[in-house]
1. Keeping every protein chain in place, order A:I279, A:I251 by accessible area at 1.4 Å, biggest value first, i.e. largest first.
2. At a 10 angstrom cut-off on C-beta neighbours, averaged per residue, how do the peptides A:391-403, A:413-425 rank from highest to lowest?
3. Pairs A:K56/A:K441; A:K45/A:K253; A:K407/A:K437; A:K56/A:K246: which exceed 27 Å Cα-Cα?
4. Rank these by accessible area, largest first, 1.4 Å probe: A:D189, A:D32, A:D212.
5. Once amide H atoms are placed 1.01 Å from N in the peptide plane, what residues at a sequence separation of 5 or more from A:L165, or on another chain, have their amide H within under 5 Å of its amide H?
6. Mind ordering A:89-102, A:309-322 by average Cβ neighbours within 10 Å, highest first?
7. Please compute the modelled spin-label separation between A:E57 and A:S273, points set 7 Å along Cα→Cβ, answer in nm with one decimal.
8. For A:M265 and A:V213, calculate 0.36 nm times their separation in residues minus their Cα-Cα distance, and state this gained length in nm to one decimal.
Amino acid sequence: MEKSEGTSDSQRPWQSYHTVYTNAKAGMDGVDKEKVQRIVYEMSKGSKYFENEERKEAIMKQKVEHMHSRCAKLTPADISHYQKVADKRIAELEATRDLSRIWLHVDMDAFYAAVETLSDPSLKGKPMAVGSMSMISTANYEARKFGVRAAMPGFIARKLCPDLLFVPPDFKKYTYYCDLTRKVFRSYDPNFMAASLDEAYLDITEVCRARDVTGGDIAEELRSRVHEETGLTCSAGVGPNRLLAKVCSDINKPNGQFVLPNDRMAVMTFISSLPIRKIGGIGKVTENVLKGVFGISTCEELLQKSGFLSALFSHSTTDFFLSVGLGLGGTDTPQVRFRKSISNERTFSATDDLNLLYQKLDEIAENLSADMQEEGLSGRTLTLKLKTSSFEVRTRALTLQKYICSKDDILKSALKLLKAELPVSLRLIGLRMSHFKEEEKVAVPFDPTQKTLAAFVRAGDASRNNLDDESSLGSVDELHLMNEMENDFRLDHHKICHHESGDPLDSNHLSDLNCGSCNSQKNVVEQEKIHDPSSDEIAGEEKTIDAQPKGKQMLQLLETDSSVPWELKSCNLIRVNGNTDIHAQTNDVASSSLTEDLVWVDDYKCSLCGIELPSNFIEERQEHSDFHLAERLQKKESGTCPPVSTRQRIVRKEENTANQSRQKKRKSASTKDKYLPIDTFFVKSNQNF
DNA sequence: GCGGATCAC
DNA sequence: TATGGTGATCCGC
């Protein structure tokens, strides 16, 4: 705004520190952005992190200047040529426009924070954040009024809002509620795409047609049902493609919706004044480049400057920008995709101590190997990732002749890579494996429930270790778990993973956990049929239409019918013949005493957490009371169970499966310490706010 | 094939 | 005191 930037910078230096925390997001309306920016600046100033941010900022400016000068060198002939190229491409893209589908994007409001408030109603109305002093995952709307937001370190958030309450994350709760929402989603679109724990895309074309209702009607009904079944609110966007639906769901958040009609004029009007930053795939850097080089801030301007864009950017990037300008986005039912890499990384307090570094590398290698073996993968390219104590990130890769997956093989190569970097002071080490063995790629798709289970198991060991090691910022496995769930890897489970028994304690699952080969031959064949080779090489066009050329993880998610944490389901097993009175079957002393005070007030409201579930939602009620049972078992036995190895845990589970209530209780105890609250973690779930 | 960067969640 | 982890993709070599 101010032209006298030099002056204003020296008087108000925080104005030149461009954090992401002051971006306009839902719930940030009344925020004093100047104050937030000043405090963030003051808390960050002088830190290694801050210095690195400044370095990155300088690089970005350089990039803008470089492109600007390239732009200035274009001759009138050049410009004329590239404009023709762009116009032709625009016409081609326009011809692909498909207004026949109705997409709905659902986004839970402040999901983790809302769930925590549900389980502890005393939090209601108070500023609260899920996370730790190091990092915040989600903040509720009361906290957002102070400028507190996801991805902000807790110590800065506390400065902004001294009364801010911190709640440690509890993924088990989130996945439980996530599953309740997904049951609702599934009833509208059995093939819906889960984008994360709290976000999903639904193709509601058929529902609208069959019931002769509008997309807006469905959105209202779906949101209402989600609220009935979970007590949580969500926001929805309806539009002719996923890109637009996603933008729409952000407009009336929280607890609102916005419908964009399947009409070309409506789309063009909507998109014209839309800031480019609202588009998925356009982040801080791209926004700055487009603004700085071409003066582009709205989607409409992407078309107006199309000639310059096609002159300076690659085909695929240009296609993306032009598609956005036209309001095009993915309308297809997504194809199956396969994992291309698998990784494990961990942040710790910076050190240059070789023994410590080797120890960290050893842990990472072990985790990575375990993950790979769970999925039956082996790869031949290993990438070492390092973050120095000054936050500089480096990667070093090595491609081998043979495929590897054992810890020893991984560690051997990793050590070679690391040694070449010494001496160095590090705060993060990571390992990534890619270039998977071809025949194993097919086996990659898996039932995420199993992965989840396995990750839960390891998470327990890791958290125990972290508690023992105060210097560790750890909890990588919790993060890992979370990301596994978020990334979802959905295949169309209706077509593929059909050996799913639905029984979480099914011994098949346990053996899968160990050997990682969950796919039957039949599955393999079907996957090959579904796999679209175009996803590997081109399809600039397809990508374009999906309007997400880079960074987009339109990974499909593997949705299953059994994403309830298996611990909860195991409680369900206690039930006999549909009897919903858990006490009748739970002879286990601990179990009965733990849920005896759960009653349905006025026959619809849970006396423990206030969630509202009508009496005809019998199964949901049972799951809900099971949830409280598991929660209490966890609390009650917290810290009483000695740490056990992953393998021991698995064995113990098998015993439990075969035995009766006494051992069930034991199992609960053994599973519970997987969820010890961990101080450090990070999961950005509500960054759209 | 490598390394840096960007993006999303 | 203190600023995350996983996965994908693109660009320029």
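The values are calculated or read from the model by the stated rules, or taken from the named source; none is laboratory data. All values derive from a computational prediction rather than experimental measurement. Ideal geometry is used to build each Cβ from the backbone, glycine not excepted, and the neighbour counts take in all protein chains shown. Just the protein is used for accessible areas: all its heavy atoms, side chains included, with ligands, DNA and RNA removed. Shrake-Rupley method; radii C 1.70, N 1.55, O 1.52, S 1.80 Å.
1. On the way: A:I279 5, A:I251 75 Å².
The ordering from most to least exposed comes out as A:I251, A:I279.
2. A:413-425, A:391-403
3. With Cα atoms farther than 27 Å apart: A:K56/A:K441; A:K45/A:K253; A:K56/A:K246.
4. Highest to lowest solvent-accessible surface, that is A:D212, A:D32, A:D189.
5. Under 5 Å from the amide H of A:L165 lie the amide H atoms of A:M128, A:A129, each far enough along the sequence or on another chain.
6. Values: A:89-102: 15.3, A:309-322: 21.0.
Final packing ranking: A:309-322, A:89-102.
7. 3.1
8. 16.5 nm
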